[in-house]
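The values are calculated or read from the model by the stated rules, or taken from the named source; none is laboratory data. As the structure is a computational prediction, the values presented were derived from the model and not from experiment. Here the Cβ is made from the backbone with ideal geometry for all residues, glycine too, and neighbour counts use every protein chain on show. Side chains included, ligands, DNA and RNA excluded: accessible areas come from the protein's heavy atoms. Shrake-Rupley method; radii C 1.70, N 1.55, O 1.52, S 1.80 Å.
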2 protein chains.
Amino acid sequence: MRFSDGVEWSVHSCLVLAALPEGVGLPGAKLAEFHSLPAAYLAKHMQALVRAGVVESIPGRHGGYRLARPASEITVADVVTAIEGNRSAFRCTEIRRQGPGAGQPCEYQTACLVSRVMGGAEQAWRSELSKWTLADLAFDPASAAYLRQDAWLSDVLEARG
Amino acid sequence: MRFSDGVEWSVHSCLVLAALPEGVGLPGAKLAEFHSLPAAYLAKHMQALVRAGVVESIPGRHGGYRLARPASEITVADVVTAIEGNRSAFRCTEIRRQGPGAGQPCEYQTACLVSRVMGGAEQAWRSELSKWTLADLAFDPASAAYLRQDAWLSDVLEARG
DNA sequence: GTCCCTATACTCGGATAGCAAGTGTCCGAGTATAGGCGG
DNA sequence: CCGCCTATACTCGGACACTTGCTATCCGAGTATAGGGAC
């Protein structure tokens, strides 16, 4: 089991967007440059975020990306789900029905117990991620590096009018 | 994010081993046949379980696999960890230190907040899996199909002496 | 009859191909803007 | 001086190669057993 690198990139990038002034968008190229990420590949993940309704894209010359909702209403789970998909990581293929070990059809009215256990754990994982919003992370005093946008980010915004 | 199919196979196979009489081993070929699994590939995962100390292999003619500990002392987390590895699914590559968004070195004395949130969620997931032992699943009344070993499994064991 | 030796059959274990998904990149479609032109 | 039109530059979006890791398989190393032979 291994997460896509895009998860880390997307969360950090969303935190950057959370630090922007209200309603202002940041182009994908600049967003990638902020953390020295490959712009073309980050754009691929931004598309996923747009489809999931987490961020919205502004077309045209002064366009870019911005959060679709206030940062306090977007959870880390929303971002991760947008990238990794909302399907379960564990896929029950019902092997209990195969081979000599298969029982009678009446035994299969309830879901596979193994599947239920795995699903429950995944639920706990997702629930834990839902406790944190982008606002919690972006405005945390200990990691307020994103608010140190004076030197670079402000210049970018000012250069764009 | 997606689990290896081997996780499902391994858990179910361990449940079969849990239903065996004390100290008796079952060959990998028979274990695979029980659920119509590819024997050669299941063997690969069984090796991982042996390395992790979850099951032990008995070499020789009447050898096979058996649980290394009582089923009540093996959790689902043990099995999953043996297959998927104990490394974290989320790998923090410290992109916060890259590009114009990078802060001063003194800001990096604490772990990345994003990494901590992801790690905490993973901890919750693992903790949930630790609540269930193989005994809980194998001897559950609702899914006692594994105890219906009379027809096939008993024959196999008897044929081996 | 008992003990030992050897050949056998069966077991696990690691080394070897094939494939899907993630990784990385590029170029085209679409839009708001800026400037020029006409009234 | 004001409004409209056009060309431009910039943006996002989807389509195209490449690499890593999972999937699937095979054959060789090792061991307990079973049988036969010697004592």
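Using only side-chain charges placed at the Cβ, +1 for Lys and Arg and -1 for Asp and Glu, the dipole size of the protein assembly as shown relative to its Cα centre rounds to 560 debye. Here's the picture: charge each Lys and Arg Cβ at +1 and each Asp and Glu Cβ at -1 in chain B, and of B:S10, B:P141, B:M118 the one pushed furthest to the positive end of that dipole is B:M118. How far is the Cα center of segment B:67-136 from the Cα center of segment B:1-35, in Å? Each part's Cα centre sits 25 Å from the other's. Between A:R69 and A:A151, the modelled label-to-label distance comes to 3.5 nm, taking each label 7 Å out from Cα in the direction of the beta carbon. Could you please state how large a percent of the accessible area of segment B:1-126 is carbon and sulfur, counting protein chains only and using a 1.4 Å probe? Result for segment B:1-126: 50 percent of the exposed heavy-atom area is carbon or sulfur.
Given a Förster radius of 41 Å and the C-beta distance between A:Q47 and B:A159 as r, what FRET efficiency does 1/(1 + (r/R0)^6) yield to the nearest 0.05? Calculated value: 0.10. For chain B, adding -39500 (n - 2.57) for each run of n ≥ 4 DSSP H residues and dividing by the number of residues yields -13500 deg cm²/dmol at 222 nm. For the options A:A32, A:A40, A:A19, a Gaussian network treatment of chain A with springs between C-alpha atoms closer than 10 Å singles out A:A40 as fluctuating the most. Taking the Cα centre of segment B:31-97 as origin and assigning +1 to Lys and Arg Cβ atoms and -1 to Asp and Glu Cβ atoms, the resulting dipole is close to 300 debye. A convex hull fitted to the Cα coordinates of the protein assembly as shown yields 149 cubic angstrom per residue. Considering only the Cα atoms of chain A, their convex hull presents on average a projected area of 12.2 nm².
A 1.4 Å probe run over chain A, with the rest of the protein chains in place, finds 47 Å² accessible per residue. When you filter the trypsin sites (Lys or Arg not before Pro) in segment B:11-62 for DSSP loop state and at most 13 other Cβ atoms inside 10 Å of their Cβ, you are left with B:R61. Answer rounded, prolate or oblate for segment A:1-61, using the Cα gyration tensor with square roots of eigenvalues a ≥ b ≥ c: rounded when a/c is under 1.5, else prolate when a/b is larger than b/c, else oblate. Here segment A:1-61 falls in the prolate category. Mind telling me which of A:Q104, A:Q123, A:Q47 comes out most flexible in a GNM of chain A, alpha-carbon contacts under 10 Å? It is A:Q104.
Taking label positions 7 Å along the Cα-Cβ direction at both A:H62 and A:S4, the computed distance is 3.3 nm, reported to one decimal. Among the protein heavy atoms, those of A:R97 account for about 120 Å² of accessible surface (1.4 Å probe, every chain in place). For chain B, modelled as a GNM whose springs connect Cα atoms under 10 angstrom apart, the maximal fluctuation among B:V80, B:V117, B:V54 occurs at B:V117. With bins 10 Å wide beginning at 0, the percent of Cα pairs of segment B:45-114 falling in each bin runs 17, 30, 16, 16, 14, 6, 1.
Restricting the GluC sites (Glu not before Pro) of segment B:1-61 to loop positions (DSSP other than H, G, I, E, B) with no more than 11 neighbouring Cβ atoms within 10 Å leaves B:E22.
Accessible-area loss of 10 Å² or more (1.4 Å probe, protein heavy atoms, chain alone versus all protein chains) is found in segment A:9-47 for A:W9, A:V11, A:H12, A:E33, A:F34, A:H35, A:S36, A:L37. With its label point put 7 Å out from Cα toward Cβ, A:G99 sits 4.9 nm from the same residue's point in the other copies, in order from shortest. Taking Cβ atoms as reference points and 11 Å as the exclusive limit, the residues near B:A142 contribute a net charge of -1, counting Lys and Arg as +1 and Asp and Glu as -1.
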